[in-house]
Amino acid sequence: MSAANLQAAAWATRAVCEVSELTLPPQWASESERREITARASAIPNGLGRFWQITAPNGARSHLYGTKHSNARVMLDLPPELEEALARARIIATESERRLSQRRFFRNDPLDSLRWRNSRGTAQPAPFEAEILPWVRTFYSGMGLSQPWTILTDVALADLLLHEPCNDFNAGVFPIMDDLILLEGLLAGAEERGLEPQGLFLTELSKPARKEELHGILQVFGAYTQPRRDSAGRQAGMALYAQGRLGEMMAWDTLYLEEVFGVERAQTYLEAADSYLLRDRNALWVKGIEEELLNGDVVMAVGAFHLPGETGLVALLRARGFTVERIMVAGERER
């Protein structure tokens, strides 16, 4: 089931989804919330900046760019510094392979067995907490799925939740930022490199040992389906991103989850989700791309939340002997 073929969730109307300027709305957070967000963000290493230069011990240079998985027009003006890096890149490394390696995958997806339950139509308990279940129902019903947990596996439900419903309005017109970066690099002569194989999310989180992490992902991303009344929150998130304030974005997310679930459950779910999404995947990516970074001219373009933190890509690369320095681009905060 391709995200491009899904209709936007009923609550994600075009008016709610459209953002025309990258300024912080006055009502994006209360004064007390802003103070709390700032305080929490200050404890997140490397939480400021989208664009970084990676210098190998031998002097070879590459770059790391934190993306936002959005095809909103306002998000698609890439910084000139990134454009320059793409023009001379040897390899563009995105989160996973974008192009299918074999034609047969168009007809028969080998991962379908991980998406569908064996006994379709039988009663299945919804894998979501009571606080968020009404939102999740609305989210899925907007896709034409009344009770998807009766036919879809939990990992397939999580996979759908990871897709931004607002992208549907521009699907087929504007690419998401990651694909635009990849396209520009390929047109300039670079090679594509997926940091992980296609479908790794499905195969890895289908393992019994990942049960708690999968449950955490379902709750965290299920909480993000709360119906939106206007575009203020979406605009604020994009503005913080454009200003390079990634640590504040992460802190704001945590604060929101605590409001939904309470502090204890929010922390449990977030830690479980991040242990796979932002710890294990980051470690896998660095290990896989390290040799190419020693040869230089690599542009890594991955979701912005993969950069900050103690297990973030900036910290992991430094721990492996690379010098990683921020390149401040227009519109970002200096400190």
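Would you please name the residue that is least open to solvent (accessible area, probe 1.4 Å), looking only at residues in region 201-219 that are closer than 22 Å to Leu270 by Cβ and either more than 18 Å from the chain's Cα centre (by Cα) or of a type in the set (Ser, Thr, Tyr) (or both)?
By that ranking, first place goes to Arg210.
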Quiz item: For region 172-186, does any single residue satisfy the condition of being in contact (Cβ under 8 Å) with a residue 12 or more places away in the chain, part of a helix (DSSP H, G or I) and over 30 Å from Glu18 (Cα atoms)?
Solution: no
Quiz item: Does Phe221 satisfy being assigned to a loop (DSSP other than H, G, I, E, B) and of a type outside the set (S, T, N, Q)?
Solution: no
Self-check item: Pair list, Cβ under 7 Å, 6 or more apart: region 80-101 residue over 8 Å from Val299 (Cα atoms), other residue modelled with pLDDT under 95 and in a loop (DSSP other than H, G, I, E, B)
Solution: Ser96/Pro197; Ser96/Gln198; Glu97/Pro197; Glu97/Gln198
Quiz item: Does Arg228 satisfy the condition of being over 17 Å from the mean Cα position of the chain (by Cα), of a type in the set (D, E, K, R) and open to solvent by 20 Å² or more (accessible area, probe 1.4 Å)?
Solution: yes
Quiz item: In region 24-58, what residues are among the polar types (S, T, N, Q) and either open to solvent by 70 Å² or more (accessible area, probe 1.4 Å) or modelled with pLDDT of 95 or more (or both)?
Solution: Gln27, Ser32, Thr38, Ser42, Asn46, Gln53, Thr55, Asn58
Exercise. Return the residue satisfying two criteria in turn: it lies in region 236-265 and is under 12 Å from Thr23 (Cβ atoms) and touching a Lys or Arg at 6+ places or on another chain (Cβ under 8 Å), and of such residues it is least open to solvent (accessible area, probe 1.4 Å).
Key: Met238
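Would you point out which residue out of Trp28, Trp52 is aromatic (Phe, Trp, Tyr) and in contact with a strand residue (DSSP E or B) (Cβ under 8 Å, 6 or more places away or on another chain)? Quick ask: steps written out before the conclusion?
Values: Trp28 fails: in contact with a strand residue (DSSP E or B) (Cβ under 8 Å, 6 or more places away or on another chain).
Trp52 is the lone residue from the list that is aromatic (Phe, Trp, Tyr) and in contact with a strand residue (DSSP E or B) (Cβ under 8 Å, 6 or more places away or on another chain).
Matching residues to (1) in contact (Cβ under 8 Å) with a residue 24 or more places away in the chain; (2) part of a loop (DSSP other than H, G, I, E, B); (3) open to solvent by 70 Å² or more (accessible area, probe 1.4 Å):
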{"position": "Arg279", "(1), (2), (3)": "yes, no, yes"}
{"position": "Leu284", "(1), (2), (3)": "yes, no, yes"}
{"position": "Lys287", "(1), (2), (3)": "no, no, yes"}
{"position": "Glu291", "(1), (2), (3)": "no, no, yes"}
{"position": "Thr311", "(1), (2), (3)": "yes, yes, no"}
{"position": "Glu325", "(1), (2), (3)": "yes, no, yes"}
{"position": "Ala330", "(1), (2), (3)": "yes, yes, yes"}
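Could you identify the single residue in Gly144, Gly189 that is open to solvent by 20 Å² or more (accessible area, probe 1.4 Å), in a loop (DSSP other than H, G, I, E, B), without any contact (Cβ under 8 Å) to a residue 12 or more places away in the chain and out of contact with any Ser or Thr (no Cβ under 7 Å at 6 or more places or on another chain)?
Values: Gly144 fails: without any contact (Cβ under 8 Å) to a residue 12 or more places away in the chain.
Matching residue, one of Gly144, Gly189: Gly189.
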Exercise. Would you mind telling me which numbered condition in (1) surrounded by fewer than 21 Cβ atoms within 10 Å (Cβ to Cβ); (2) farther than 28 Å from Tyr65 by Cβ; (3) within 15 Å of the chain's Cα centre (by Cα); (4) not acidic (Asp, Glu) Gly222 fails?
Key: (1)
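Would you mention how many residues in region 238-273 are part of a helix (DSSP H, G or I) and in contact (Cβ under 8 Å) with a residue 60 or more places away in the chain?
Looking only at region 238-273, we keep the residues that are part of a helix (DSSP H, G or I), and these are 238-242, 246-261, 263-273.
From what's left, in contact (Cβ under 8 Å) with a residue 60 or more places away in the chain: 238-242, 246-248, 250-252, 254-255, 260-261, 265, 272-273.
Residues that pass the stated criteria total 18.
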Quiz item: Where residues in region 148-171 are out of contact with any Phe, Trp or Tyr (no Cβ under 9 Å at 6 or more places or on another chain) and more than 29 Å from Glu18 (Cα to Cα), which of them is modelled with the highest pLDDT?
Solution: Asp154
Quiz item: Name the pairs whose Cβ atoms lie under 7 Å apart, with the first residue in region 61-77 and over 11 Å from Leu180 (Cα atoms), the second open to solvent by 20 Å² or more (accessible area, probe 1.4 Å) and aromatic (Phe, Trp, Tyr), and 6 or more positions between them or separate chains?
Solution: Arg73/Phe174
Exercise. Could you grab the pairs with beta carbons closer than 8 Å, sequence gap of 6+ or different chains, first residue in region 159-171 and without any contact (Cβ under 8 Å) to a residue 60 or more places away in the chain, second one surrounded by fewer than 21 Cβ atoms within 10 Å (Cβ to Cβ)?
Key: Asp159/Arg115; Asp159/Leu202
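Name the one entry in Ile151, Ile132 that is in contact (Cβ under 8 Å) with a residue 40 or more places away in the chain and of a type outside the set (Lys, Arg). Working first, answer last.
Details: Ile151 fails: in contact (Cβ under 8 Å) with a residue 40 or more places away in the chain.
Of Ile151, Ile132, the one residue that is in contact (Cβ under 8 Å) with a residue 40 or more places away in the chain and of a type outside the set (Lys, Arg) is Ile132.
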Quiz item: Is it true that Gly59 is touching a strand residue (DSSP E or B) at 6+ places or on another chain (Cβ under 8 Å), part of a loop (DSSP other than H, G, I, E, B) and on the phi > 0 side of the Ramachandran plot?
Solution: no
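The values are calculated or read from the model by the stated rules, or taken from the named source; none is laboratory data. Everything quoted here is computed from the prediction, not taken from an experiment. For neighbour counting, all protein chains shown are included, and Cβ atoms are generated from backbone atoms with ideal geometry for every residue, glycine included. When the accessible area is computed, the model is the full protein with side chains, heavy atoms only, and any ligands, DNA or RNA have been set aside. Shrake-Rupley method; radii C 1.70, N 1.55, O 1.52, S 1.80 Å.
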